[in-house]
Structure formats: C-alpha cells, structure tokens
Amino acid sequence: MPLAGRAPRISHAHRVGEELRGILLFIGVIWLVFLLDRVLPLEVFALWPRRLSGLPGILASPFLHLDLQHILANTIPLLVLLCLLAGSRANSGRTVVILVVLSGSLLWLFGRPVPVIGASGLVFALIGFLILSGFLERRFVALLVSAFVAFSYGGTLLLGVLPGQPGVSWDGHLFGALGGALAAWFLARQS
C-alpha cells in the first residue's frame, strides 16, 4: 500500500517474451529493406553528415546495409541487445527511437563527410545505453545486464570507435555509443 500523499512507483519492467514479436518485426523490416535495396537504389537515403539531403539518413540508415556480411554482423548483436533492453525498465520502443534519433543526429552534426549506412550505430547506442543505465538504475538485475553487456561487447565497443578501419564508420559507432550513454543519463533522471 502506498504511503499517504505519495503516488505508487510505476514499474516499467516488462518481459522479453511480451516484446519478442516487436523485436523480430523490427529486425524483419531491416532484412526486408536489405532485400528491396538489391533491386531499388535505397542507398540514396544514407546519412550524409552536414548535408540537408543526408537528414533522412538519420532515420533510414539503420535499415540500409551494404551486403550480406554487413547485415549479418548487425543482426545478432541487435537481437541480443534488443532482448536485453526489453527486459529492462526502459520503454523499449521509445528508447530505440531516442537512440536512433540522438546517435544519428550527433553523427549528422559531427561525423566525417562520408555516407553512412547500417544498424551498427544503433548497436553501439544500445551498448552504451545498457551499460550506463544499469549503473544509474542501481538495481541488481540491471547491474548484471550492464556487466554482461560490458563483458560481451566491451571489446567491440573499444575497437569499434577507433579510426582507421577501412569501410567502417568508426565515428558512427562513437556517436552511437555516446548517444546511448546520453539517453541513459537523460532517461534515468526522468524516472
């Protein structure tokens, strides 16, 4: 029973099973766009930093992938990290939108002037979000998730933001991770 004059604390905890269909649908749309891109020139929607024509890429780039290896490299971590997000207190759909918009906007503002496509910015945003939000929430399960993500993807995070890898948007990874951390800090202050 809540104390007099205090509203009961609302828990946003939800189970992965409740959101699994949405996660699979999201990843399915990414694959559908990949298949459509084989016959349509969808890469025109790539994110181009500081070009007005590149603004649609903030939302479109996570759905665009260069080849089969590229989309496969993003699918598994995206599936794992989205399932971990679904098991957190965060509103998953809202959080993914915030991560895409925030990390894409940072990349558009500060990235190198090259076209960027792929969901790896979202992957890195999820990594940054899940690691920091676990510490900010100060709950045992959230800390376990944070430790798991740091252990499983920490090396990828550190290596992925280093410049000099041909064909890799290290700045997209960097602004993804930064966007994820900023979103975790912002959303933690709201709860």
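The values are calculated or read from the model by the stated rules, or taken from the named source; none is laboratory data. Since the model is a prediction, treat every value here as computed from it, not as a measurement. We place every Cβ from the backbone using ideal geometry, glycine too, and count neighbours over all the protein chains shown.
For this structure, a couple of remarks:
- Number of the exception - Phe110 against (1) of a type outside the set (A, V, I, L, M); (2) touching a helix residue (DSSP H, G or I) at 6+ places or on another chain (Cβ under 9 Å); (3) under 19 Å from Thr156 (Cβ atoms): (3)
- Residue within the range 13-36 that is surrounded by 13 or more Cβ atoms within 10 Å (Cβ to Cβ), at pLDDT 95 or above, in contact with a Ser or Thr (Cβ under 9 Å, 6 or more places away or on another chain) and not in a helix (DSSP H, G or I) present: no
- Candidates Gly128, Gly104, Gly118, Gly164 - the one that is outside any helix (DSSP H, G or I) and touching a residue at least 24 places away in the same chain (Cβ under 8 Å): Gly118
- Count of the range 56-78 residues, restricted to those that are outside any helix (DSSP H, G or I) and within 23 Å of Gly128 (Cβ to Cβ), is 2.
- Identity of the residue in the range 101-130, among the β-branched types (Val, Ile, Thr) and surrounded by fewer than 22 Cβ atoms within 10 Å (Cβ to Cβ), that ends up farthest from Ser53 (Cα to Cα): Val101
Okay, residues lined up against (1) of a type in the set (A, V, I, L, M); (2) at pLDDT below 95; (3) farther than 22 Å from Glu19 by Cα; (4) within 14 Å of the chain's Cα centre (by Cα):
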residue: Pro77; (1), (2), (3), (4): no, no, no, yes
residue: Ala86; (1), (2), (3), (4): yes, yes, no, yes
residue: Val101; (1), (2), (3), (4): yes, no, no, yes
residue: Phe110; (1), (2), (3), (4): no, no, yes, no
residue: Phe124; (1), (2), (3), (4): no, no, no, yes
residue: Gly134; (1), (2), (3), (4): no, yes, no, no
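- First in the range 32-54 and on the phi > 0 side of the Ramachandran plot and in contact (Cβ under 8 Å) with a residue 12 or more places away in the chain, second anywhere and buried (at least 17 other Cβ atoms within 10 Å of the Cβ) and of a type outside the set (Asp, Glu), Cβ under 7 Å, 6 or more apart: Arg50/Trp108
- Scanning the range 33-56 for residues that are closer than 20 Å to Leu72 by Cβ, within 19 Å of the chain's Cα centre (by Cα) and aliphatic (A, V, I, L, M) returns Val33, Ala46.
- Meets criteria (in a helix (DSSP H, G or I) and over 16 Å from the mean Cα position of the chain (by Cα)) for Ala184: no
- Listed by first and then second residue, the pairs with beta-carbon distance under 9 Å, at least 6 apart or on different chains, first residue in the range 9-22 and closer than 14 Å to Asn91 by Cβ, second at pLDDT 80 or above and of a type in the set (S, T, N, Q), are His12/Ser88; His12/Asn91; Ala13/Ser88; His14/Ser88; His14/Asn91; His14/Ser92; Glu19/Ser92; Gly22/Ser92.
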